[in-house]
Structures are given as structure tokens and as C-alpha cells.
1. Would you please give the FRET efficiency between residue 172 and residue 614, computed as 1/(1 + (r/R0)^6) with r the Cβ-Cβ distance and R0 = 60 Å, to the nearest 0.05?
2. Within a Cβ distance under 9 Å of residue 102, other residues only, what is the Lys/Arg minus Asp/Glu net charge?
3. Arrange the following residues from fewest to most other Cβ atoms within 10 Å of their Cβ: 179, 478.
4. In degrees from 0 to 90, rounded to the nearest 10, what is the angle of the helix 363-375 Cα long axis to the longest principal axis of the chain?
5. What GluC sites (Glu not before Pro) in the stretch 21-67 are in a loop by DSSP, with at most 14 other Cβ atoms within 10 Å of the Cβ?
6. Tell me, what is the percent relative contact order of the stretch 96-192, built from C-alpha pairs under 8 Å that lie six or more residues apart?
7. Can you give the FRET efficiency for residue 126 and residue 201, using 1/(1 + (r/R0)^6), R0 = 30 Å, r = Cβ-Cβ distance, to the nearest 0.05?
8. What length, rounded to one decimal in nm, is gained on full extension from residue 261 through to residue 514, with 0.36 nm per residue of separation minus their alpha-carbon distance?
Amino acid sequence: MNKALILMIIYSISSLYAVDQRSINSSIKTAKMLEKKNEVESAISIYKSLLVKDPSNKIAIRNIKSIYKKQELYSEGILFIKARINRFPNDYDNYIYLGEIFYLDKQEVEAISLWRSSIEKFKKQKPFYRLMLSTYFRLILDNEIRFLLNVGRDQFGESFLSYELGTYYQSRSDFGKAMDQFLINLLNDPHQNSIIERRILMMSDDETSLSIIEEKLINAEKTDPKIALNILSEFYFKQQKYQKSYDTKLKWSGYIGSSINSWFKFAEQLRQEQQFELSINAYNYILAHKLHGNLIGKALYGLAKTFESQIIPYEKTNLIPYFFDKNIFFHNPFIEVPEFSHENLKLSLKLYDSLLVTLPNSHLSSEVYFNLGEIQYRILNDFDQSLNFLNKALQHNPKEKLRIKIFERIADVMISKGLSDEVIAFLDRKLNFQDSHRLNMKKILVYFLYEPPKVTLNKINDLILGLNPLNQDFNDLMELKNILMQFSKGDSTNINAFNKFIKSEQYLRQQKVASAISELNYVDMVYPNSPLLPLINLRASLLYYRLGKFEQSLKFAQSLENSVYADRGIILTGQIYEYKLKKFNEAESQYLRIINEHPSSVFSEPIRFHIRKLEQKNL
């Protein structure tokens, strides 16, 4: 037979099959339409005619079974399925369905007898059990579930169907039985441990399950402490019983042996939940073991992050951005911590530094050194020690993104040390080797603080050309440009006032807030008619607020009446009354002034929302 003839035969057969399939699909569509019209006998007739042509058509079989059950045509259904069983004696789905029809027809004895005989017939086939179990779940036949379970576990082991059964009991809020089945699975089938653990933790969302879960896990410790204690620790963690979770984790580790990876995850989770002391304890537990260099570095990095997280979350928040709060040229890089043992922190940092010397030259150690440098700079204001850490971070092969961050922070530290010429030379050297937008932005900051406004404006214009207007840096540059253009021109009075403002910004970058305020007060006294005065007074008010001198802050905030910053002054006055002086009525009256006197202010909606919160709080 030649190739062309073979292809012709194949094409003819496939064409006939396609035509036949279209005919079958059309018949099924017609039958479904008749079902919707409640013409069930006609629909059944079509499905039966399809089964004559194709006895195994699954859609026809499924739909005809559905009709018999839905329409309660139990006798017809029994006859139909018996005929199917005679023809297909090894199709266990028919036995399960026939038993269900018997049961729905109140022939319960026949149903159970059929099911049990079919269990014996198909006891070697796992899929049969799951279909049978699903039917028993639906009909709530607990005795038959137990029978099926006994037979199945004789065949396939103690954990067979335990997950399915546990899920079933959980859905009925029978948490004790659910836990029994989940624990059977955990203790006999370690491959499914993670799934069962998630299921138990999910079950604990129902408060009525908590004491049951805890008791069952504690009892399970006697059988297999390695599994039970691990889940019990996670259970306590989810219930925010962190000390219990930690203690249980320690006990578990006594049985499990090597569990360092698990402890890394646990320590990080504790840090994220702000359980800093326990997180530090967890990292110290890790460090007490013999570790290779990379793991030591990872643990030390975790410790550094934990200390940083312990301190850095305390950043004062304002109701609104009063003074270009998000602008990198005015943003305060330092963190004001109300109560913290700086001496203890310094001792800890020295310990980390000595330990880090033993680490290999790695990306991880560079991150640790960078974070330690951040703490020294932003919190302890030890600029020399910060510079030391940052230079060490550079020596440990940081990744490119981190390298740029280190360069930026070194420039900040040099600014804080008053090294104006050195910082420009430093940035120029780095920019000679690589073009970096971040370093160019930092250079703009340096020019703003130390160079004439014209020079800074030229640099801004050069940099802004290549930026998308939607870029945050574009907005920051435009705000700085507007300030420079608006306030750096005019007669000597204006220029002198602006120079004092710039000098105050230099002091702020050196964390000399009192000196910055002195410069601003000088402008207030010597140049009372300067157009820069509202900006000066707003800045002075916020700096007094930072120092906790709230009466002086109020004085300057209230001096902003009839200025372009009037709405900010009113809101700051309200914030001082509310947060610092605890005079809630006075605070609310100030906030209401924004709604009544400054309805077009961009801050009116946030303040309206805050007023509602304040009223609810005082109910």
C-alpha cells in the first residue's frame, strides 16, 4: 500500500470521526436544552440513544445519572445502573451510584449491603475508596466511614484516608476527631507533613479549636516529639504566644539534632513580629553551634537587622508632610530614639565587629557592615565609626546596588563631618568610574549645601533633562529648584537671609539641631521683612517640635497666619495640642479651621478624616 493511499484512508477516518463527534455534541446540547425545559424523558431518550452508539460516553452517563437523582426517578435509575453493571462489571463508579440511589429510595439495607460487597470487590483500588468516602461524607454515614476505613487501612497502611477524614471532621467542627486523623497522618506518612501542618494551623483560626489542638499536640509528644513539638511551636507562634513557641522550639531541637536552617527562619519570623529579645536569643542559639563562615555571617546579619529593627521603627510621624518631608534634599536622615541604652548597643556592635573579622570576604558580610554603619550614623551619630564600618563594607565585595548605597552614605557622613571639599572630590572620583543617577543626586545635595545657588541650579537643569516627570527624583529636583529660584535672588537682605537658611540646613546634616535653630532665629530677628521668613518659621517650628520644646514650636507655628503656609501652621498647632499637650478640644478646633477657613487646602480631606477618628476616640 503506497503512502498516498494510507494518507487518504487516515483522512477519511478522521473526517468521519469529526462528523460523528459534531453529531454527538449536537445531541448533548439538545438534551441539555430539554432538561432545562423539564422535558426529562426526552432528554433521557437522547442520552440513551447516544449510549447505544458510544456506551462509554462519559457526558451522557453523567447527565443521565444526574437526572435520575435530581428528579427522584429512583426505580428507573436502579434499572439503568443495574444494566450498566451487567455490561461493565468492573466499573466501581456504578456500584457507588447504585448504592446511593438505593439509599435515597429508603432502601438503606440494600444500599449498605451493596456498598460493603463492592468494598470487598474493589478493596485493592485506592481511587474507589476516595469516591466511596466522598459519598459517605455527603450522606453523613459515620458507621460506614469506619467500616471503609478499617478495610482500607488493612490494605494500604495506618495513614490511608487520614487527611481526607481529618478534613471532613474539621468541616463539621469536630476538632478532636479531626486532630486524631491529622496526627495519624503525621505520625505515619512524613511525606505529607507540611500539608497537615498547614491544615492544623488553618483549623486554629476557629477559637473553639485551640484548647483541643494544644492538648492533642502535647499528648502526641509522647509518641513522636520531633513532629509534635515542631507543630506545637508553630501553633503557639500563630497564637502570638511567642515565649511558649520559643521554649517549645528549644525542646524540639533537643530531639531533632541539626535544625539550624529552621532556627534561621524562626529568628527572622520573630524579628518580623517585633519580638526582638526572642529573635536575638534565637540568633545567639544559632551562633552557639559550630558553623562555617557563611552561616556565621548570615546569623550576624540577622542580629544586626534585629537591632536595627528594634530601634528604627520609632520614627516620629506627622499628620501631613509639613516641610518637603519626602524630599531627599530635606529629609532628616537621623533617627530620634526616645529611650534606648546606647552604651549596650555600642558594646554589642563592637562584639559584632570582632566576630565579622573572622568572616570570609562575602556579599553578606558587606551587608552586615553596611547595616552597622547605618546604626552608627543614623542613631548613635558616631560618624567616625560609621565611616569605618562603611569602608569595611566596601572591602567585602558588595553587590552593585549596595555599593552605590555605601557611596551615598559615605557622602552623607562626610557632610556630617563638615568635609565639604572632600565630599565633592569623593563623588567626582566615583562618577569618573561609573555614571550613577543616585550619586548625581547626592552631588546636587552637596552643591545645595556648599555652592552658590546658580551653580546648583545649573547642575539641577543638567540632571533633570534625562528624567521622566513621573519619577520621584524629578519632583524632588523641581521643589529644590523652585526654592532656589524664589528665595536666592534680590537684595543683600534676601541673600543674607537665604545664606542663613542654608547654614541651618548644613547644621541639620551634622545633627546640630540647636545650632540650626539659632541660624533661623537670627533671620527672624534681623530680617523680619524677608520673603523667606514663612519658610524659616515653619522650619524653626518643626525643629523645636523635634527637640520637645512645644511652647516655642507653637509660637512659630502660629506666626504662619496669613502666609502661604497658614494651613500647615494650623495643622501643626493642632498636632501639638493633640499629641503633646493632650488638649483634644483645642486640637479639634484647630483642625476645624482647616475645613472652615481653608477648604481648598490640599490637606483638607486628610484632616477631615482625622477629625472623624478623633471624635470616635473621644466618644
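Bear in mind these aren't lab numbers, they're just calculated from the coordinates by the rules spelled out. Since we're looking at a predicted model, the values are computed, not measured. Note that each Cβ is placed from the backbone with ideal geometry, even for glycine, and that neighbours are counted across all protein chains shown.
1. After rounding to 0.05, the efficiency reads 0.80.
2. Combined, the nearby Lys, Arg, Asp and Glu give -3.
3. 478, 179
4. 50 degrees
5. Sites meeting the loop and neighbour criteria: 39.
6. About 18 percent, as a whole number.
7. Plugging the Cβ-Cβ distance into 1/(1 + (r/R0)^6) gives 0.65.
8. 86.2 nm
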